[in-house]
Amino acid sequence: MAIGKDGRNPKKEQMDSHLVNNNMTNMTTNQGVNVHNNNNSLKAGKRGPTLLEDFILREKIFHFDHERIPERIVHARGSGAHGVFQVYESLEKYTKADFLQDPTKETPVFVRFSTVAGSKGSTDMARDARGFAVKFYTDEGIYDLVGNNIPVFFIQDAMNFPDLVHAVKPEADNEMPQAASAHDTFWDFVSLMPESAHMIMWAMSDRGIPKSLRTMEGFGVHTFRLINKNNESHFVKFHWKPTLGMQSVAWNEAQKISGFDSDYHRRDLWENIEAGNFPEWELGLQIFTQEQADNFSFDVLDPTKIIPEELVPVQLVGKLTLNRNPDNFFAETEQAAFHPGHIVPGIEFTSDPLLQGRLFSYTDTQLSRLGSTNFHELPINRSTAPVHNNQRDGHMRHDIAKGKANYFPNTLGGGCPFHAMIQGKGFDSYPEETTESKVRGRSDSFADHFTQATLFYNSQTEPEKEHIISAFSFELGKINSVEIRKRYLGILTQVDQDLVTKVAKNLGLEVPSGLAEETLFYAKQNHADYPITPKKPEIEKSEALSIEHKKVETIKTRKIAILVADGTCQDSLDKITNPLEEGGATPVLIAPNVGSITTKQGNVLPIEHSFLTESSVLYDAMFIPSGEKAIELLNQEPDTFQFINEMYRHCKPLAFGIGTDTILDRTYINKQEKDWGVVIESKENSLDMFLKAVARHRNWARETSRKVPA
Ligand code: HDD
């Protein structure tokens, strides 16, 4: 059933059987009746009233009126793609999950990425966590790994989820702001919920503004269990590591991208898959025992905690490749229904109270979204493993169940469908012991809210720390209530002294002495002795938490703007664009207007992009080739300087061909300053320097050494 050696993909075949192709067909009604005039309604005379009997008009308008379904209550804005997953070596030592056994087997997958807070049409570039939901169509049924690009969560118990979401969504009275956490209700809530401090650090870091969906990590967040054939359990944390490494953008850039292309992430994913640059992630596992878990300074059931990679290394066990765009956004991406409760034998839950609450929420929400308990029959959600049971009927049932016996046990249906256990197969829950009394409360092992927030901050490079300080200053600066600002500074006093001092300064406030009374009041409702003395952490710093430390230097799939005009020198252009293309980057010509340019050598080059349609924020680097006339023309364009200065401000690589000094001298760039990201063509090795700079990408030092307006 998984993708065979013959290349057959059972999920694709299943979906293809639902494809509708209108090529060379007549138009019909939904009842299959041919329509000969789709422009005019049926009237009593050409200027007379429309007739109610016009079933063609009625059907068309009726269907249109109901085209929309409710958007997801969270993660409404999303983009999806099909692909495959393949394990490197059998994981039978840890799990009996069939799709993790055979390295020659490819399992079809569908992945949906999302922002959390914004509506369906909101910008991709909001500061937010990103959803990373993977549906594996395994031979043993559907397995969904419904994670985020941040390995921890805001809250510890599902009981708080509706409150968290109400607080972060646009405010209740005026429905503002859209897709943004920088408003009073969000910071009011998190300032009273110190357990959110760790996740807030991640969200305020560069992880909250990924460059693309292809360059972010993914995490299953909770601790899960792997169960092997002997019914032995190991704990596991799931990771997705992008093979291109992590990349993010600058906040000023993110805000501008939202204006220039609010579909920035969606477009990037789509275009790269169309171009054959298939996004890839390696599946990483942190596998550990009960004994290890018992000895950590934190509780592995607490979803606000990571397990530092220094304590349990991440083993890379397989690869996910996205290689096909959906045929239809609504049918596939919008109707995809994920659920952390969709598991297969060999993978199980733990008692993480956030996970336990999720197990109810996801099937339930599909009812209001997709309208029927039969959502599993939609092509994108259908299992490729056969489905047989006595669940019947309901809205929009597609399957036609044969026979009389729709109950179990039965003899009239020959006892079918059988219990899979009789055949030694089937899902059997791991017999975890539960002996404690019922209690509506929280374990004190969940009460250390700040040690890992501090660990995260300590693990960042200096520029990354500066970005966090700016993000807090922006978000808290946008809210109206000074009380809430002060209360949040109280939380930051527990994370890092330098951080709180700098944020307080930016807000024009004093650093408070500690947590605010209101914060303590609510925290004490969960932990009477709050704040507790935390256990000594195992480590003070973890390089894996910093994007800069873990970045992969590559020019693959980078987009380079080449500023050209009539008279651009073809040789100078080719000298840069050819090696860029050979390295897997995409050079894009941008001129004062679209149409074409004629190079110095007389070649006519088509131009699809102009300063009017493009912006520097949509590119990773830029180059201006030589050519006297072109330089003169570009010098007359104010947008040339906006483009260069903005590129420079966002710390990206810039290269200048011979003779471009008249342009360079009018920018904020100082030619005398040492900057590996500014390459002026003069030396033999200029090309190599530029390629290297594109691979290294951001020279964040500019943010402190040479601040420029743009
Ligand atoms: Fe959730 C959607 C990830 C906590 C309730 N969640 C949703 C999606 C992702 C996550 C990626 C989008 C799936 C898609 O693309 O369709 N959610 C998480 C993670 C969490 C988390 C990583 C914490 C570790 N979620 C969480 C809690 C609850 C929910 C605690 C409720 C108790 N989540 C939902 C939901 C959604 C959802 C309301 C909205 C749409 C959907 O389920 O299908 O049920």
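Assuming R0 = 35 Å, can you tell me the calculated FRET efficiency for the pair Leu51 and Asn328, based on Cβ-Cβ distance, to the nearest 0.05? List each step's numbers first, then the result.
Working: r = 34 Å, r/R0 = 0.96.
For Leu51 and Asn328, the calculated efficiency is 0.55.
Please give the contour-minus-distance gain from Asn277 to Met421: 0.36 nm per residue of separation, less the Cα-Cα distance, rounded to one decimal in nm.
Values: separation 144, 0.36 × 144 = 51.84 nm, distance 4.40 nm.
Stretched out fully, the Asn277 to Met421 stretch lengthens by 47.4 nm.
With charges only on Cβ, +1 for K and R and -1 for D and E, what is the dipole size of the chain about its Cα centre, in debye, rounded to 20? Can you show the working numbers first?
Details: 76 positive and 96 negative charges, 230 e Å.
Rounded to the nearest 20 debye, it is 1100 debye.
Looking at the range 453-556, which GluC sites (Glu not before Pro) are DSSP coil and have at most 14 other C-beta atoms within 10 Å of their C-beta?
On the way: sites: Glu464, Glu466, Glu475, Glu483, Glu510, Glu517, Glu518, Glu538, Glu540, Glu543, Glu548, Glu553; in loops: Glu510, Glu538, Glu540, Glu553.
When the GluC sites (Glu not before Pro) of the range 453-556 are filtered for loop state and at most 14 Cβ neighbours within 10 Å, Glu510, Glu540, Glu553 remain.
If the convex hull of the alpha-carbon atoms of the chain is projected onto planes in all directions, what is the mean projected area in square nanometres? Display every interim value, and only then the final one.
Working: hull surface 159.1 nm².
Quarter of the Cα hull surface area: 39.8 nm².
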> Among Ser90, Val35, Pro70, whose Cα lies farthest out toward the positive end of the dipole of the range 1-95, if unit charges sit on the beta carbon of Lys, Arg (+1) and Asp, Glu (-1)?
Replying inline: Val35
> 222 nm [θ] for the chain, helices only, -39500 (n - 2.57) per DSSP H run of 4+, per residue, to 500?
Replying inline: -8000 deg cm²/dmol
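At a Förster distance of 41 Å, what's the computed FRET efficiency of Lys43 paired with Asn389, Cβ-Cβ distance as r, to 0.05?
Values: r = 52 Å, r/R0 = 1.27.
My answer for the efficiency is 0.20.
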> In the chain, with Lys and Arg counted as +1 and Asp and Glu as -1 at Cβ, which of these residues, Pro534, Ala203, Gln14, has the Cα nearest the positive end of the dipole, that is, farthest along it?
Replying inline: Gln14
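Need the full-extension length gain, Thr704 to Thr104, defined as separation in residues times 0.36 nm minus the C-alpha distance. One decimal, nm. Intermediate results must be reported in sequence, preceding the final value.
On the way: separation 600, 0.36 × 600 = 216.00 nm, distance 5.05 nm.
Length gained between Thr704 and Thr104: 211.0 nm.
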>> Show log10 I(q)/I(0) for the range 380-507 at q = 0.11, 0.15, 0.19 Å⁻¹, two decimals, from a solvent-free Debye sum over equal Cα scatterers.
In response: -0.71, -0.83, -1.13
> For the charge dipole of the range 553-705, defined by +1 on Lys and Arg C-beta atoms and -1 on Asp and Glu C-beta atoms about the Cα centroid, which residue among Asn670, Cys651, Asn635 has the Cα displaced farthest towards the positive pole?
Replying inline: Cys651
> Hey, how many Å between the Cα centroid of the range 69-86 and the Cα centroid of the range 340-407?
Replying inline: 17
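To the nearest 0.05, what FRET efficiency results for Ala172 and Glu582 with a Förster distance of 56 Å applied to their C-beta separation? The partial results should precede the final answer.
Values: r = 55 Å, r/R0 = 0.98.
Taking R0 as 56 Å, the efficiency between Ala172 and Glu582 is 0.55.
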> Name the trypsin sites (Lys or Arg not before Pro) in the range 19-105 that are in a loop by DSSP and that have at most 15 other C-beta atoms within 10 Å, would you?
Replying inline: Lys46, Arg47, Arg68, Lys93
> With the other protein chains left in place, how much accessible area per residue, in square angstrom, belongs to the chain at a 1.4 angstrom probe?
Replying inline: 48
> Given labels modelled 7 Å from the Cα in the Cβ direction, how far is it in nm from Asp139 to Val165?
Replying inline: 3.7
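Keeping the other protein chains in place, figure out the carbon and sulfur percent of the accessible area of the chain, with a 1.4 Å probe. It would help to have the intermediate numbers written out before the result.
On the way: 17410 of 33770 Å².
Answer for the chain: carbon and sulfur cover 52 percent of the accessible area.
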> Along the range 190-198, what does the Karplus equation 6.51 cos²θ - 1.76 cosθ + 1.60 (θ = phi - 60°) give for ³J(HN,Hα), rounded to whole Hz, x for Gly and Pro?
Replying inline: 5, 6, 9, 10, x, 4, 7, 4, 5
> What per residue convex hull volume, in Å³, do the alpha-carbon atoms of the range 197-259 yield?
Replying inline: 108
>> Greater than 18 Å separation of Cα atoms is the criterion. Which listed pairs, Lys556/Lys652; Lys404/Lys425; Lys652/Lys692; Lys465/Lys536; Lys465/Lys541, meet it?
In response: Lys404/Lys425; Lys465/Lys536
> What trypsin sites (Lys or Arg not before Pro) does the range 411-453 have in DSSP loop regions with at most 10 other beta carbons within 10 Å?
Replying inline: Lys438, Arg440
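Distances longer than 17 Å among the Cα atoms of the range 444-549: what percent of all pairs is that? Walk me through the intermediate numbers first.
On the way: 3201 of 5565 pairs.
Percent of Cα pairs beyond 17 Å in the range 444-549: 58.
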> In whole angstrom, how far apart do the alpha carbon centroids of the range 1-57 and the range 448-515 sit?
Replying inline: 56
> Quick one: if you stick a label point 7 Å off each Cα along the C-beta vector at Val439 and Ser119, how many nm between them?
Replying inline: 4.5
> For Ala528 and Leu367 in the same chain, what is the full-extension length gain: residue separation times 0.36 nm, less their Cα-Cα distance, in nm?
Replying inline: 54.0 nm
> For the range 553-705, what does the alpha-carbon gyration tensor say about shape, rounded, prolate or oblate, given a ≥ b ≥ c as the root eigenvalues, a/c under 1.5 as rounded, and a/b over b/c as prolate?
Replying inline: rounded
> Roughly how many nanometres apart are two label points built 7 Å out from the Cα toward the Cβ at Phe641 and Phe360?
Replying inline: 6.3
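The values are calculated or read from the model by the stated rules, or taken from the named source; none is laboratory data. Here the structure is a predicted model, which means the values were calculated and not measured. Cβ sites come from the backbone with ideal geometry, for glycine too, and all protein chains shown count toward neighbours. Ligands, DNA and RNA are excluded from the accessible area calculation, which covers all protein heavy atoms including side chains. Shrake-Rupley method; radii C 1.70, N 1.55, O 1.52, S 1.80 Å.
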